[in-house]
Each structure stands twice: as structure tokens, then as C-alpha cells.
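Q: Encoded as C-alpha cells, here's the structure I'll be asking about.
Please treat every number below as a calculation from the coordinates, not as lab data. Just so it is clear, the model here is predicted, and its values are computed rather than measured. Reconstructed Cβ throughout: ideal geometry from the backbone, glycine too, with neighbour counts over all protein chains shown.
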Amino acid sequence: MTDGKRSLQVIVPARYDGGKVLKVLREELRVSGTLIKRLKHTQGILLNGCPARTVDPVKTGDLLKIVLTEREGSAHVIPVKSEFKIVYEDADLIVVSKPAGMAVHSSRKSDLHSLANALAYYFRQKGEYHMFRAVNRLDRQTSGLMILAKNEHANALLVRQMKEKQIEKTYLAITDGIPNPSEGTMRFPIKRADDSVLKRVVAPDGKEAVTHYRVLKQSGGFALAEIRLETGRTHQIRVHFAHIGCPLLGDWLYGREQGVPIERQALHAWKLAFYHPISGKKLFFEAELPQDMKNIFEI
């Protein structure tokens, strides 16, 4: 897709015969209302090869097509070559494994070592232009899997999956202390701390947060835990484990930073499972545990 366009099409089924273009767009291609409005302005709706309106009638066997045009990519993002791993890529999405220490977005002009900058460089080298659309997000010091949509339609459908809790996320973390019991579910509401723009705390008036965990290994007062999230609150894993007295190893905000064998919070986005936004096929991905976390347990 070097011209910045992606097209999707459907042969109109008999049940829509005599109906309107709009109904087919919404039900068969699952196009959002926002995108339909944009497609009207770009003449991106085609019926049998000709520009069409949403009120136009359709017949059985008609070819209805939409053409998605990227709006010159993320023009404000400076392309910068940085190392990250591509796990999967197609015309609609890209799954990457983000290294620890790389922010998702640049927080200031002097810091261009972000995934947004790195992807801008990667796409420019391919002659492609895409807006930066992160479906899930990770803290700067958290490593692992992220999904990024390459067009507006894929993004809307993936975000819908996220809201409907259809995207399964599994993490690996090393805790400073051994969780007891070794397997369980933490249901502690979380809110922003009153005296901080960054820190979160467990509080009765916070938003629902549910974390499932299972200890896989333990040694020297540390535990390797497999974690599955039911909700996605900011710092949820870090806050929950700190709340039970087992903060993540190396977590400067919720635990101790000094005297530990790792230079960042020991958290890794290990596995992702979700449905492809266009084909509907379920996809499964896994990112190997980084070396700094492996070293602690000699995995």
C-alpha cells in the first residue's frame, strides 16, 4: 500500500436487495459513522466502480467498495531509526515487541526515542504513510507486545474489541516478595493519587480493576508471575501488586529502585490474542521474555 490507500469490498447479499448503501456499509463492512462521513468527502464509497451516496439503492450482486486514504501519516512525528521487533504485519495492522526504555510517544521534542518515531521511520523506508494508532499502550519501562492499526477502519474495530474486552492480554512480572496465595484474583478499585499526576492508588471510590495472577517460579524472595488483565487501568498491575505488599521488582514509583538486580520495573507484555479486524480470524502472538528478566531466574 505505497499510495496510502486501502480498499475493502463486498458483493451485496440478496437480503439487502432494494436497500440502501448505508445499511450494507454498517452491517457487512462494519464501517463506523465517523468513517462513513469522511468517506463521503473523499468519494471513497464506490458502487460497481462509480462514486455512490449512502442513500443509493443496491441490488443483489452489486459490488460495494470503500477506499481508505491515509491523511499523510502522522505529520508531526519525526522519523527516527530505533530498534524494535516486528512480530506481525499486514495491510491493516502491525504487532510489535517494544523494548524496555522506549516510550510509546515522545513526551518532549528532545526525546525522539519513541515507538511513534521508530514506526514513522520504518514506514517511510517502505514508502508508506500511516497515522500512529496504538490500540493498547505500555509504560516506557514495560517491554512487550503492542497492536497498532494501519488505517482508520481497522483502528475503530480493534478499539471496539478492546472496549468489549475481547483482546486477551497476558503479562509476565517479577515481584519483590512472594504473593500469598500463589494464585488468585485482585479486585481493588484504582484512582489517581490526590497529590500526584502520575501515581495511582487503591481507593474505594476508584474505578473497577481486576487482575488475575499465578506464580510460576519463586527464588530469593522474588516471584515470576503470569498475569491476565480483565480491566486496563493505568499502572494496574504495578498498583495491585504493591497493594498486597509485593511490588514489581525495580519499580521506583511503587516499590524500591535501589538494591535490586534490574534497572526497570520487571514487567513484560507476553501474549496477545484478538480477532483480525477485517478477516475475523483469531490471532495469537507471544514475545519472548527479555534478557534482563531472564537473568533473575536464569530462565
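Q: Sum up the charges of everything whose Cβ sits under 14 Å from the Cβ of H243, counting Lys and Arg as +1 and Asp and Glu as -1, but leave H243 out. The partial results should precede the final answer.
A: Values: positive: R187, K191, K199, R200, R233, R238; negative: D176, D251.
It works out to a net charge of +4.
Q: Under a 5 Å amide H to amide H cut-off, with H placed in plane at 1.01 Å, what residues pair with K98 once short-range neighbours are removed?
A: G144, L145, M146
Q: Sticking with this structure for a sec: Mean separation of Cα pairs under 8 Å and 6+ residues apart, divided by the residue count of region 89-242: what relative contact order is that in percent? Write out the running numbers ahead of the final one.
A: Numbers: 266 pairs, mean separation 28.9, N = 154.
The normalised contact order for region 89-242 reaches 19 percent.
Q: Show the residues, 5+ positions off or on another chain, whose built amide H is closer than 5 Å to the amide H of Y129.
A: HN-HN under 5 Å from Y129: G4.
Q: Match the structure shown to one of the listed values (1) 18.1; (2) 14.3; (3) 15.1 of mean projected area of the Cα convex hull in nm², computed from it, and give that label.
A: Derived directly from the coordinates: (1).
Q: Do any of K20/K281; K40/K85; K65/K85; K163/K281 go past 30 Å between their Cα atoms, and which?
A: Values: K20/K281 28 Å; K40/K85 37 Å; K65/K85 33 Å; K163/K281 19 Å.
Beyond 30 Å: K40/K85; K65/K85.
Q: Among the listed pairs K37/K98; K23/K169; K5/K199; K98/K191, which have their C-alpha atoms separated by more than 31 angstrom in this model?
A: Correct reply: K37/K98; K23/K169; K5/K199.
Q: Between the helical axis of 115-126 and the dominant principal axis of the chain, each derived from Cα atoms, what acute angle in degrees is found, rounded to the nearest 10?
A: Rounded to the nearest ten degrees, it is 40.
Q: Right, another one. Order by neighbour count: Y122, Y275, fewest other Cβ atoms within 10 Å first, most last. Could you put the intermediate results ahead of the total?
A: On the way: Y122 20, Y275 15.
Listing Y122, Y275 from fewest to most nearby Cβ atoms yields Y275, Y122.
Q: In the neighborhood of R140, defined by Cβ-to-Cβ distances under 11 Å, what is the net charge if each Lys or Arg adds +1 and each Asp or Glu adds -1? Please list the in-between numbers first.
A: Details: positive: K98, R137, R264; negative: D111, D139.
Local net charge: +1.
Q: Over the chain, what is the relative contact order in percent, taking alpha-carbon pairs closer than 8 angstrom and at least six residues apart? Let's see the in-between values first.
A: Working: 632 pairs, mean separation 43.1, N = 299.
Reported relative contact order: 14 percent.
Q: Restricting attention to region 140-205, which trypsin sites (Lys or Arg not before Pro) occupy a DSSP loop and are surrounded by at most 15 other Cβ atoms within 10 Å? Don't skip to the end; give the middle numbers.
A: Numbers: sites: R140, K150, R160, K163, K165, K169, R187, K191, R192, K199, R200; in loops: R140, K150, K165, K199.
When the trypsin sites (Lys or Arg not before Pro) of region 140-205 are filtered for loop state and at most 15 Cβ neighbours within 10 Å, K165, K199 remain.
Q: So what is the calculated 222 nm ellipticity per residue for the chain, using -39500 (n - 2.57) for each DSSP H run with n of 4 or more, over all residues, to the nearest 500 deg cm²/dmol? Kindly include the intermediate steps, with their values, before the conclusion.
A: Working: 6 runs with 55 residues, N = 299.
Only helices count here, giving -5000 deg cm²/dmol.
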